[in-house]
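The values are calculated or read from the model by the stated rules, or taken from the named source; none is laboratory data. Nothing here was measured: the structure is a model prediction, and the numbers come from that model. Here the Cβ is made from the backbone with ideal geometry for all residues, glycine too, and neighbour counts use every protein chain on show.
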Amino acid sequence: MPSLSRVLVGFGLFVSASSLVVASSVLDDRAHEHWGIPRNAHFPLHARGTNKDGSMPTYKNPNAAIEDRIADLLPRMTIEEKVAQLIQGDIGGWMNMTDPLDDTLVFNATGLVDSLATKAGSIWAGYLTPWNKLVFAIQTAQDYLMHNTTLGIPALVDSEGLHGFTDNGTTWPSPLGLAASWNTDLLQKAAASISDEAEGLGITHIFAPVLDLSRELRWGRVEENYGEDPFLTGEMGHAYVSGIQSGTRRNVSHTATARMAATCKHFAAFGSPEGGLNIAPVHGGERELRTMYLPPFKRACVDALTIMTAYSSYDGIPAIANSHLQVDILRNEWGYKHYVTADAGSVDMLYDLHFVAPDRATSAKIVVENISGEMGGGTYTFLTLPDSVRNGTVDVKYVDDTVATILRIKFMMGLFENPYPYADYNATLRTSATRALLHQMEREQIVLLENRNGTLPLSKTSPLRLALIGPQADRVSFGDYVFFNASHNGISPLAGLRRLLANDSSVELAYAEGCELWSDDRGGFADAVDAARGADVAVVVVGTWSLDQTLLWTPGTNATTGEHVDLSDLGLVGAQRALVQAVKGTGKPTVVVFVSGKPLAEPWIQENADAVVQQFYPGELGGLALAEVLFGDANPSGKLPVSFPRDVGTTPIFYNYLKAARPLDPGRITDNGTLAFGHQYVLDSPAPLWGFGHGLSYTTFNYTGLTLSKSTIGTNEDFDVTVTVHNTGKVDGKEVVQVYMTDVISSTVTPVQQLVGFAKVDVKAGGSETVRIPVKSEQLAVWTVNNKWAVEPGAFIIKVGNALETFANATLIVA
């Protein structure tokens, strides 16, 4: 242990043995002024991780209350150490991560020390790299932080997990596809498997779920969301957060309550940018914020350990600078106590994009005063905070309050006891159990949109000549936020059909690409038409495409969905529509499969195809699941989480529009070019091609016995909706029972209908299931003219059905 005189010399003070007492006092003052250490502390300045009386520091006591541990640790920290907790580091600071195949287990010691001296709150580790190298990099960092720094504070270790752990973990369907399953229990299990794969490798922080609403369909990131509805998004988000966080890490204390930190993003109102352009401003007021954009976050994220803010501004105020959003609502109203981080590079945007701050230091001040940390990807503006605190520009209170939030979640996960990877990490990666869950999800997310004359399912019991056509037929199309070359783990529709039919000689399969996704070239049409003419049925697979996180940002590549890939047209790109028309022109039954990251505006296909199937970007088993649905080995049970417009000009198309928002007097252009004029719109319709909640089955269902637990309730009373679902067909099937509410008369304009509950049930052929769905009174509330929530007395229509159909309804009276 260094002597006191040596420590004083380190402060630039001359020390003699006779002046130690005086110098000690000077040192106390200097430590307070320069480091922010309290005067007369109960710990020695030269060993701040200990107590003067030799007792164990409370923050190191795994059995101490978490708030007591935070209160003990914070005063021991210098201002530099505090700020370092608020900045994200990167394993690339001490490891060479340029080659995704390299597994050299060597680190740069200087880089390790220098990087973690200033950026140690969390560490980005979302690289594609051999698992042993990732473990080595994380183990090295945590060892250094725990044993070679004064206080031994471990780091969060960050990665992506939007629809699968992104270092060669299992790739799941895109979130829009996960939402199409309408199966929260299954999604929670899926999320738990993502945690299983990441946890053993030492990852402790997953950047998901995304809770933006898919109300602006031109925006490139629609695929990352759970759809257009706040209730469905909140329920799916809650399931994901619960799956990611539930449980505890190994060898931690009883005070630990989570094994992984989920990150709800992007807080808030990010998904409806002006013009559909990424990070553009979002327009709206307090009522829209409260009724549409915030409910998913309140449902899913109050218990999430981290939240990530949005890049965009809302009503003219950047999200990260919006104290009403970040402090008044999130911290004070909702009581959120956990960590909030700005998105990558977004603090810099306050001075170089939004122009609400003159410089880096002011930008950092604004953000930390909203109790938020800083991710990497920018200039690390938070490095200005120590000087800002010393010169009085920033009150250290804001730094302390923000540091407390990240320390809190580290204690909640038991990281001070065990932040390390597990030796048996391979045991939880890409397991057969995860594969089985994935297979179920792949089947349940597929939506049957049209099925004229029972075209589907196809039969394997009699001879069948099948033509598989289209640019998506022999392609694996995942959504964004997957690792480089992740598609190599996937199964294309062609491969899925070949696997399914491998032992069935009755089906003859022919394949023709027809055209490329990104080209107007029709040179392949002749082969496609020939294949269709020689077949009994043609399946044409078309759609949008995204790229992995390496290629998506590589100059010279192309995509039609994904982050920073925004559209001005929602129709099929290139020659794809013409290919479908050419195949249909053969007169053979034509099944169209959309593989896409968003709804496609294709009214000709809706009107003319014999069957239409929607597969939002699948996971690794997507091609097999699609084959199983086409042949009836799986009965489709997906429902749309988002509405399909007829044209980009008829958007927005979300179902829960405000009353009086959508007058209907449509016109149209007929197939022969005749112009039939209307008014809304002159030559089109504001009605969707397929509405929210729509999805067919190979069986049929009907509903009887709709009852409410009470026909009249008070303003604070919850109620239940009960209905019996009958499977009137010949095959087993799963049905999503959807409950909607309409407030008949309200003090402010409310939506024509709102989803307030749902349940997915498995009903045997010829059988029935009685379903009870609870509805909370707060779901009936309006944001009043007085800017308060209130459940207003009056009549409410409760219906069971989907956005465009009513199967049963009842009236609820609130007195």
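Tabulated data for the structure shown
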{"quantity": "Residues being surrounded by 22 or more Cβ atoms within 10 Å (Cβ to Cβ), touching a residue at least 60 places away in the same chain (Cβ under 8 Å) and assigned to a loop (DSSP other than H, G, I, E, B) - total across the range 339-382", "calculated": "3"}
{"quantity": "In the range 456-489, the residues that are on the phi > 0 side of the Ramachandran plot and modelled with pLDDT under 95", "calculated": "Y481, N485"}
{"quantity": "Selection status of P636, at pLDDT 95 or above, in contact with a helix residue (DSSP H, G or I) (Cβ under 8 Å, 6 or more places away or on another chain) and either not hydrophobic (A, V, I, L, M, F, W, C) or not assigned by TED's automatic domain parsing to the domain that holds E223 (or both)", "calculated": "yes"}
{"quantity": "Residue match in the range 793-800 (condition: of a type outside the set (K, R) and outside any strand (DSSP E or B))", "calculated": "yes"}
{"quantity": "Selection within the range 419-451 - assigned to a strand (DSSP E or B) and either free of Cβ contacts under 8 Å to residues at least 12 places away in the same chain or of a type in the set (A, V, I, L, M) (or both)", "calculated": "V447, L448, L449"}
{"quantity": "Residue that is nearest to the chain's Cα centre (by Cα), among those in the range 396-408 that are charged (D, E, K, R) and within 13 Å of K82 (Cα to Cα)", "calculated": "D401"}
{"quantity": "Helices (runs of 4 or more DSSP H) wholly inside the range 45-124 containing at least 3 residues that are at pLDDT 95 or above, touching a strand residue (DSSP E or B) at 6+ places or on another chain (Cβ under 8 Å) and among the small types (G, A, S)", "calculated": "none"}
{"quantity": "Within the range 452-473, tally of residues that are outside any loop (DSSP other than H, G, I, E, B) and closer than 19 Å to G543 by Cβ", "calculated": "3"}
{"quantity": "Segments classed as strands (runs of 3 or more DSSP E), wholly inside the range 682-775, with at least 3 members that are under 25 Å from the mean Cα position of the chain (by Cα)", "calculated": "733-743, 754-763"}
{"quantity": "Meets criteria (of a type in the set (S, T, N, Q) and at positive phi) for N453", "calculated": "yes"}
{"quantity": "Residue within the range 71-89 that is in contact (Cβ under 8 Å) with a residue 40 or more places away in the chain, of a type in the set (S, T, N, Q) and within 19 Å of L156 (Cα to Cα) present", "calculated": "yes"}
{"quantity": "Some residue of the range 410-430 being surrounded by fewer than 21 Cβ atoms within 10 Å (Cβ to Cβ) and farther than 21 Å from I206 by Cα", "calculated": "no"}
{"quantity": "Test: residue in the range 163-173 that is touching a strand residue (DSSP E or B) at 6+ places or on another chain (Cβ under 6 Å), part of a loop (DSSP other than H, G, I, E, B) and modelled with pLDDT of 95 or more", "calculated": "no"}
{"quantity": "Total residues in the range 255-277, condition part of a loop (DSSP other than H, G, I, E, B), in contact with a helix residue (DSSP H, G or I) (Cβ under 6 Å, 6 or more places away or on another chain) and within 15 Å of L213 (Cα to Cα)", "calculated": "2"}
{"quantity": "Verdict on P386 being surrounded by 21 or more Cβ atoms within 10 Å (Cβ to Cβ) and either in a loop (DSSP other than H, G, I, E, B) or in contact with a strand residue (DSSP E or B) (Cβ under 7 Å, 6 or more places away or on another chain) (or both)", "calculated": "no"}
{"quantity": "Counted residues, the range 479-511 - those being of a type in the set (G, A, S), assigned to a loop (DSSP other than H, G, I, E, B) and under 29 Å from the mean Cα position of the chain (by Cα)", "calculated": "3"}
{"quantity": "Answer residue from the range 440-467, given it is over 11 Å from G632 (Cβ atoms) and basic (K, R) and is surrounded by the most Cβ atoms within 10 Å (Cβ to Cβ) among those", "calculated": "R443"}
{"quantity": "Residue in the range 588-608 that is in a helix (DSSP H, G or I), crowded, with 24+ Cβ neighbours inside 10 Å and in contact (Cβ under 8 Å) with a residue 60 or more places away in the chain present", "calculated": "no"}
{"quantity": "Total residues in the range 203-221, condition hydrophobic (A, V, I, L, M, F, W, C) and assigned to a loop (DSSP other than H, G, I, E, B)", "calculated": "6"}
{"quantity": "Of all residues making up the range 125-162, the number that are surrounded by fewer than 24 Cβ atoms within 10 Å (Cβ to Cβ) and part of a helix (DSSP H, G or I)", "calculated": "14"}
{"quantity": "Test for K659: is it surrounded by fewer than 24 Cβ atoms within 10 Å (Cβ to Cβ) and without any contact (Cβ under 8 Å) to a residue 60 or more places away in the chain", "calculated": "no"}
{"quantity": "L501 vs. criteria within 15 Å of A538 (Cα to Cα), crowded, with 16+ Cβ neighbours inside 10 Å, in contact with a strand residue (DSSP E or B) (Cβ under 6 Å, 6 or more places away or on another chain) and assigned by TED's automatic domain parsing to the domain that holds V593", "calculated": "no"}
{"quantity": "Flag for W553 being crowded, with 19+ Cβ neighbours inside 10 Å, within 26 Å of the chain's Cα centre (by Cα) and over 21 Å from G649 (Cβ atoms)", "calculated": "no"}
{"quantity": "Flag for V541 being more than 24 Å from V648 (Cα to Cα), in the same structural domain as E513 (by TED's automatic domain parsing) and crowded, with 24+ Cβ neighbours inside 10 Å", "calculated": "no"}
{"quantity": "Check on A526, assigned by TED's automatic domain parsing to the domain that holds P589, aliphatic (A, V, I, L, M) and in contact with an Asp or Glu (Cβ under 7 Å, 6 or more places away or on another chain)", "calculated": "no"}
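Conditions tested, residue by residue: (1) more than 28 Å from L156 (Cα to Cα); (2) in contact with a His (Cβ under 6 Å, 6 or more places away or on another chain).
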{"site": "C264", "(1), (2)": "no, no"}
{"site": "G275", "(1), (2)": "yes, no"}
{"site": "R287", "(1), (2)": "yes, no"}
{"site": "R290", "(1), (2)": "yes, no"}
{"site": "A304", "(1), (2)": "no, no"}
{"site": "P318", "(1), (2)": "no, yes"}
{"site": "A321", "(1), (2)": "no, no"}
